[in-house]
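The values are calculated or read from the model by the stated rules, or taken from the named source; none is laboratory data. Note that the structure is a prediction, hence the values are computed from the model and not measured. Here the Cβ positions follow ideal geometry from the backbone for every residue, glycine too, while neighbour counts run over all protein chains shown. The area values use the complete protein model at the heavy-atom level, side chains included, leaving out ligands, DNA and RNA. Shrake-Rupley method; radii C 1.70, N 1.55, O 1.52, S 1.80 Å.
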Amino acid sequence: MRKLLTAVSVVLASFGGAHALTTSTGEVSITAMASGLDEPWSMGFLPDGGVLITERDGALKLLRDGSLIDVRGVPRIRAGGQGGLMDVMIPRDFAESREVYLVYTAPQGRGEGTAGGFGTLSRDGRQLENFRQIFDIERGSSGGRHFGGRLVEASDGTLLLTVGDRGDRPSAQDTSNHNGSIVRITRTGGIPADNPFVGSAGQDAIWSYGHRNPQGAALDADGQLWVHEHGARGGDEVNLVKKGANYGWPVISYGRHYSGLSIGEGTAKPGMEQPALYWDPSIAPSGLAIYSGKLWPEWEGDLFVGSLKFDYIARVDDRSLTEVEQLSSRETGRVRDVREAPDGSIWFLSVNDGAAYRMAPGPSS
């Protein structure tokens with residue numbers, strides 16, 4: 001486990017229609033690919049070159065040939081506080097199935113809960129047809145915070161969905177509800193027989209628990225799930241997720257309450273996992289890409305994490321598990337999502353700019 005100690009900053013220079021960013025690998029370009037977005041939250045790449053982008057208030061957009069198209073058929077959501085339309089996930093078999101998965105906050109009585117489902121994208125990309133909700137957390141609640149909301153297709157084809165503690169801290173240690181957990185389900189919402197709490201007193205869909213608010217999730221080259229999650233005042237974490245493991249919140253934490261009071265019982269306890277990395281002060285992490293090395297071999301395996309608070313993208317070395325570089329420019333204002341595109345370029349969403357950007361090697365894109 002590592003605490004962030006130092007970072008290498010990068011320098012921005014202007015040119016033409018894009019911007020040059022000097023990094024540890026040399027100069028890269030940042031180019032705006034879409035603008036005019038209303039609080040963009042996530043994006044997913046289609047095999048034909050299109051990009052689906054979610055907006056938190058409930059719109060799904062298709063970026064194609066430089067234009068944004070409204071996609072109809074999005075499920076009913078409850079946007080408010082930190083909730084709304086969150087993640088979009090394109091499964092590996094999209095070319096055959098045309099299925100698109102969404103994570104969103106669904107109404108539950110007077111409250112709401114993290115939910116997920118899928119529909120079929122029409123050939124023209126303008127309609128999400130026959131949308132079906134396949135998951136909704138047990139015991140939705142009001143309060144409008146800590147929904148988690150990231151979705152990953154695991155190597156075996158199951159789905160891994162992050163759920164925050166909903167602001168109810170003790171519930172993250174209670175496996176009779178989904179709060180503060182990573183959920184594992186099948187593509188149609190079934191429960192895999194090898195889930196750790198099947199047949200126990202816990203919720204059958206839970207894969208791990210004791211999380212606070214995981215807003216980044218990705219698989220590494222070995223198919224292992226990594227997540228990062230918001231701490232309170234300090235204590236943002238990166239975790240390698242293991243089946244049935246307890247990640248400690250709110251019993252252990254490297255942060256403090258916003259009041260300054262200590263959290264729980266300290267920073268360690270038997271039976272609870274330690275983070276691979278933690279930040280203090282908090283960077284408010286959102287979005288996670290684990291880089292393949294396709295265009296930048298030097299970065300193979302490294303984690304790229306957006307910072308909502310400090311307006312940069314953190315590069316975390318996969319061997320030392322320390323933040324070694326901060327990619328910072330005028331475009332990195334409140335980075336909500338970071339993704340590797342099929343061509344190896346790195347895309348990110350800026351909430352401040354309402355824009356999607358592409359980072360690629362060299363002075364132009």
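Summary of computed values
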item: Partners for K309 among lysines (Cα-Cα distance below 25 Å; same-chain residues under 8 apart left out); result: K3
item: Shape of region 265-365, Cα gyration tensor, a/c cut at 1.5; result: oblate
item: Protein accessible area in the chain, 1.4 Å probe - carbon and sulfur %; result: 47
item: Gain upon complete extension [R110, S67; 0.36 nm per residue less C-alpha separation]; result: 11.7 nm
item: Spacing of the two label points (7 Å from each Cα toward its C-beta) at E265 and S142, in nm; result: 3.4
item: Scaled radius of gyration (Cα, divided by 2.2 N^0.38 Å) that the chain gives; result: 0.93
item: Charge context of S350, other residues only, Cβ under 11 angstrom, K/R +1, D/E -1; result: -2
item: By average C-beta atoms within 10 angstrom, highest first, the peptides 314-325, 250-261, 209-220; result: 209-220, 314-325, 250-261
item: Å² of accessible area per residue within the chain, as computed with a 1.4 Å probe and no ligands counted; result: 38
item: Interchain or long-range residues, amide H under 5 Å from I263's placed H; result: H257
item: Student exercise, the chain dipole from Lys, Arg, Asp, Glu Cβ charges, in Debye to nearest 20; result: 820
item: Mean Cα-pair separation over length for region 135-246, i.e. relative contact order, pairs under 8 Å, 6 or more apart, %; result: 23
item: Hz values of 3J(HN,Hα) by residue in region 158-165 - Karplus curve (6.51, -1.76, 1.60), Gly and Pro given as x; result: 6, 10, 10, 10, 8, 10, x, 7
item: Translational diffusion coefficient (Stokes-Einstein; Kirkwood radius from C-alpha pairs) of region 172-284 at 4 °C, 1.567 mPa s, in µm²/s; result: 89
